[in-house]
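J.: Take this structure, written in structure tokens, and hold onto it; I'll ask about it next.
The values are calculated or read from the model by the stated rules, or taken from the named source; none is laboratory data. Keep in mind it's a predicted model, so treat the numbers as computed, not measured. All Cβ positions, glycine included, derive from the backbone under ideal geometry; neighbour counts span all protein chains shown.
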Amino acid sequence: MAAKLKKGDKVVVLTGKDKGKTGEITSVLPKENKAVVDGLNISIRHTKQSQNSQGGRLPKAMPIDLSNLAIVDANGKATRVGFRVEGDKKVRYAKTTGDVI
């Protein structure tokens, strides 16, 4: 199945503590059906000091379920993603505007 949300997409959070905030997807975890969005769903992780890092309480972006994210269209509003074939390529498009993503 083709991915509706991909790395680099600008998304808005629909539910949860960061509702209404926007950010860019830094990684997608398809097996877990989650994505990590830069600067959102921040959690404090306690890390041990090592040769490579200082350690302490470090902020880390945690994964958000894909069902709680929606892609942002050209107008800056949340939209659903659809698929269509243009020529010989399958492309993603915004359902609200019809524009290719």
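J.: Here are the criteria: (1) at pLDDT 95 or above; (2) loosely packed, with under 11 Cβ neighbours inside 10 Å. Tell me which single one Gly8 does not satisfy.
T.: (1)
J.: Please report, ordered by residue number, the strands (runs of 3 or more DSSP E) entirely within region 28-101 with at least 3 residues that are surrounded by 13 or more Cβ atoms within 10 Å (Cβ to Cβ), of a type outside the set (Gly, Ala, Ser) and in contact (Cβ under 8 Å) with a residue 40 or more places away in the chain.
T.: Working: elements: 34-37, 42-47, 56-61, 69-72, 81-86, 89-94.
Counting at least 3 such residues, we get 69-72.
J.: Let me ask another. Here are the criteria: (1) among the acidic types (Asp, Glu); (2) within 18 Å of Ile101 (Cα to Cα); (3) without any contact (Cβ under 8 Å) to a residue 40 or more places away in the chain. Tell me which single one Asp9 does not satisfy.
T.: Exception for Asp9: condition (3).
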